[in-house]
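**Student:** The following block contains the structure, expressed as structure tokens.
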Amino acid sequence: MFRNQQRRSSQIPEVNLIPMMDVLMSVLTFFIITSMTLSGRRIANVSLPIVGNGVREQSSFLEPLIVGLNQSGEIILENQPITLTTLEKEIESYLKQNSQALVVLKADKKLSYKQVVQILEKMRDVGGDRVSLAIERK
């Protein structure tokens, strides 16, 4: 009888992992949803190109003016398609109000480089060195 009691008490206790996995998945889901909402403003139908870790991010205290360029080549400002002349006027007035602010172009990765450069050149003519191209990290 003593041996039977010894076998039962010497067995390794089992850990039920299912409740722990449920808690971990809940926490992970919370962080994923939170990070998606804090990742910045999205522009409809624009997916950015991806770059490695060697690129340095610019920081600015002022909210940048976000300009989108979708797959079909439409210029988008505040989720509304606009013309190039309207964009130039908007950038000019924005930079007059906020002299230290940036203008960021979020161009779809499927666009040709030539299309993106043409828009960036027009933006640079108005905004000078405060114009940049948005990229997505891996």
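None of the figures in this text is laboratory data; all of them are computed from the coordinates on show. None of the values given here were measured: they were computed from a predicted structure. For neighbour counting, all protein chains shown are included, and Cβ atoms are generated from backbone atoms with ideal geometry for every residue, glycine included.
**Student:** Counting only other residues whose beta carbon sits under 11 Å from that of Asn98, what net charge do I get with K and R as +1, D and E as -1?
**Tutor:** +1
**Student:** Turning to a different aspect of this structure: Give the dimensionless ratio obtained when the Cα radius of gyration of the stretch 50-137 is divided by 2.2 N^0.38 Å.
**Tutor:** For the stretch 50-137, the normalised Cα radius of gyration comes out at 1.05.
**Student:** Sticking with this structure for a sec: Any aspartates and glutamates with Cα under 16 Å of the Lys122 Cα? List them, leaving off those in the same chain fewer than 8 positions away.
**Tutor:** Excluding near neighbours in sequence, the set is Glu74, Glu88, Glu90, Glu92.
**Student:** How high is the relative contact order of the stretch 50-137? Use alpha-carbon pairs under 8 Å, at least six apart in sequence, and give a whole percent.
**Tutor:** Relative contact order comes out at 35 percent.
**Student:** Determine which aspartates and glutamates satisfy two conditions relative to Lys109: a Cα distance under 12 Å, and not lying fewer than 8 residues away in the same chain.
**Tutor:** Glu136
**Student:** Please compute the length gained on full extension between Ser26 and Ser93, using 0.36 nm multiplied by the number of residues separating them and subtracting their Cα-Cα distance.
**Tutor:** That pair, Ser26 and Ser93, stretches by 19.5 nm at full extension.
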